[in-house]
Amino acid sequence: MHNNEQYVVGVDLGGTKIAAALFNAKGEILNRERMETAHARTAEEVVQRMIDMIRSVSLDHPLSGVGLASPGAVNSKDGIVLHGTNLPEWTNVPLKKWMGEALGVPVQVVNDANAAAWGEYVRGAGKGSEHMVYVTFSTGIGAGIVLDGKLLLGTTSFAGELGHNIIEPGGPACSCGNNGCLEVFASGTAIKDAAVELMQGRTSAIAELAAAQNEAVSAKHVFEAYRQKDAVAAEVVNRAIHYMALGLANAVHTFNPDRIVVGGGVSKAGDSLFPALRAQTEQLVMKPYRGTYEIVPAGLKDDVGLIGAAALFQTV
Ligand SMILES: [Zn+2]
C-alpha cells in the first residue's frame, strides 16, 4: 500500500503551540498540523492531544519512529522532560514511555537546541560536516554539538550549553543564576537591552525603525540601523560580535569542529554579522585551529525543530 518507505513523525513542542509533521525517507514533509496548548492544563492533557495529533498527521502511514523536540531540560536517554521552561506544569514527564506505549512505535526526545543542531547536520547547513557546532543566537543562546557524526549528549543530556559559558566573571546576572554568561552579552535579548540602554539621551535610527514598523525595539532593528551606519547600533553590534566571537573561539578550542552553524534571529543579519564574526573568531583561536573550520549561517528556517526531531530516526 505504502511500499517499503520509512515514515517518521517529527514533533516540535513549543510553549504555546505544538507542530507535528509527517516525513518520508527523503526528509520531505508530506503533511503537517499545528495546535495551541494554552488551554491544556496538565502534562497528561497535552500528551494526549499530541498522541491524537500524531495519529491524525500520519495519515495511516506505518511509522518507524516519532521524534520530539522539547524546550527545557530533557533526559534524552530515558526520554523524560525534566523541566519544561515554557511549560511550567512539566516536571519529570516520561514522554518516551507514555507516547511509546500509546503509539506502539519507538520515540526519541531531545531538547530543542539539540533537535535544531541535528536538523542542520542532517538536512541543513551542517550537511557534509563531521564535527559540527550549532549555535543559535535568539532570545537566549542555544547550542548543540555533533562530533564524529553523533549528537553529543553527555551524562545527563545537558552537553553543549555554550550560552552559559562564563566569559566575564562578576558580569551582569544571567537567568541561570550565574554572572557574566555569554548569553547576557550576545543573545538577541542582550543586543536589544544594550541598544535600549545606549539610546537614552541620544537619537538613533534604531528607535525610528522600530517606531516606523510599529514594533518594540529588537535585535532586528539594531542590525537594520547598523547597516544605515547608526552610531548607537555600531557600538551595540560591535560589542555583541566581540562576545559572540569569544563564545565561538571557546567552542573551537573545546570541540575542534570543521563547521560552526549559526542560527537564530540574530543570524539573519547576514553580511552585517558574518564577515566580522569570522575574522574576530579566527583572531581569537590559537594558530593550529586557524583555517580548520568555517562559520556559516543556518540553512533551515522555522521547521528546523520538526526536521531535526524527525531526523533522529533518519540516517545521514
Ligand atoms: Zn547563564
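Worth a mention:
- Summarising the amide proton neighbourhood of HIS83: residues at separation of 5 or more, or on other chains, whose placed amide H is nearer than 5 Å comprise ALA73, ASN92.
- Shape category assigned to segment 63-121 from the gyration tensor of Cα positions, a/c cut at 1.5: oblate
- Anisotropy class of segment 190-294 from Cα gyration tensor, a/c 1.5 cut: prolate
- Electrostatic tally near LEU147: other residues with Cβ closer than 13 Å to its Cβ, Lys and Arg +1, Asp and Glu -1, net -1.
- Placed amide H near TYR293: partners under 5 Å, 5+ positions off or other chain: none
- Segment 159-268: GluC sites (Glu not before Pro) in DSSP coil with no more than 12 other Cβ atoms inside 10 Å: GLU215
- 3J(HN,Hα) couplings calculated from phi for segment 289-304 with the Karplus curve 6.51 cos²θ - 1.76 cosθ + 1.60 (θ = phi - 60°) are, in sequence order, 8, 5, x, 9, 8, 10, 10, 10, x, 4, x, 9, 9, 5, 8, 4 Hz; Gly and Pro show x.
- Restricted to Cα atoms, the chain shows a radius of gyration and a Dmax of 20.3, 69 angstrom.
- Result for the chain in a Gaussian network model with C-alpha springs under 10 Å: among GLY177, GLY265, GLY72, the largest mean-square fluctuation is at GLY177.
- Report note on the peptides 13-26, 280-293: ranked by the mean count of other C-beta atoms within 10 Å, highest first, their order is 13-26, 280-293.
- Between 0 and 90°, nearest 10: helix 43-57 axis offset from the chain longest Cα axis: 70
- Among the lysines of segment 161-296, pairs that are 8 or more positions apart or on different chains and have alpha carbons within less than 19 Å of each other number 6.
- Among the protein heavy atoms of segment 128-267, carbon and sulfur supply 50% of the accessible surface, probe 1.4 Å, non-protein parts ignored.
- Probe 1.4 Å, accessible area per residue of the chain, Å²: 46
- HN-Hα J in Hz across segment 252-268 - Karplus 6.51, -1.76, 1.60, θ = phi - 60°, x for Gly and Pro: 4, 5, 7, 10, 6, x, 8, 8, 10, 9, 9, x, x, x, 4, 5, 5
- Bridge orientation summary for the chain: considering DSSP beta bridges with both residues in this region, about 60 percent are antiparallel.
- Normalised contact order of segment 95-190, rounded percent, pairs of Cα under 8 Å and 6 or more residues apart: 19
- Stokes-Einstein D for segment 128-278, Kirkwood Rh over Cα pairs, 37 °C, 0.692 mPa s (µm²/s): 205
- Each of LYS127 and GLU28 was given a label point 7 Å from its Cα along the Cα-to-Cβ line. The distance between the two points is 1.4 nm.
- 0 to 90° range, to nearest 10: angle between helix 112-123 axis and the chain longest Cα axis: 80
- Helix content alone sets the calculated 222 nm mean residue ellipticity of the chain: runs of n ≥ 4 DSSP H residues at -39500 (n - 2.57) each, divided across all residues, give -11000 deg cm²/dmol.
- Three-way shape label, segment 268-307, alpha-carbon gyration tensor, a/c 1.5: oblate
- Per-residue ³J(HN,Hα) for segment 270-275, Karplus 6.51 cos²θ - 1.76 cosθ + 1.60, θ = phi - 60°, Hz, x for Gly and Pro: x, 5, 6, 10, 5, x
- Here segment 40-110 is assigned +1 on the Cβ of each Lys and Arg and -1 on the Cβ of each Asp and Glu. Its dipole about the Cα centre then comes out at about 140 debye.
- Descending by average beta-carbon neighbour count within 10 Å, the peptides 151-158, 74-81, 91-98 line up as 74-81, 91-98, 151-158, the highest first.
- Rounded to the nearest 10 degrees, the angle from helix 188-199 to the longest Cα principal axis of the chain is 30 degrees.
- Averaging Cα coordinates gives a centre for segment 128-198 and one for segment 249-316; these two points are 13 Å apart.
- The chain, relative contact order [Cα under 8 Å, separation at least 6], %: 20
- Of all the options ARG32, ARG227, ARG123, the one that moves most in a Gaussian network model of the chain with Cα springs shorter than 10 angstrom is ARG227.
The values are calculated or read from the model by the stated rules, or taken from the named source; none is laboratory data. Bear in mind the structure is a predicted one, so any value in this text is a computation, not a measurement. Neighbour counts are summed over all protein chains in view; Cβ atoms, including those assigned to glycine, are modelled from backbone coordinates with ideal geometry. For the accessible areas, the whole protein counts, side chains as well, though only heavy atoms, and no ligand, DNA or RNA atoms are used. Shrake-Rupley method; radii C 1.70, N 1.55, O 1.52, S 1.80 Å.
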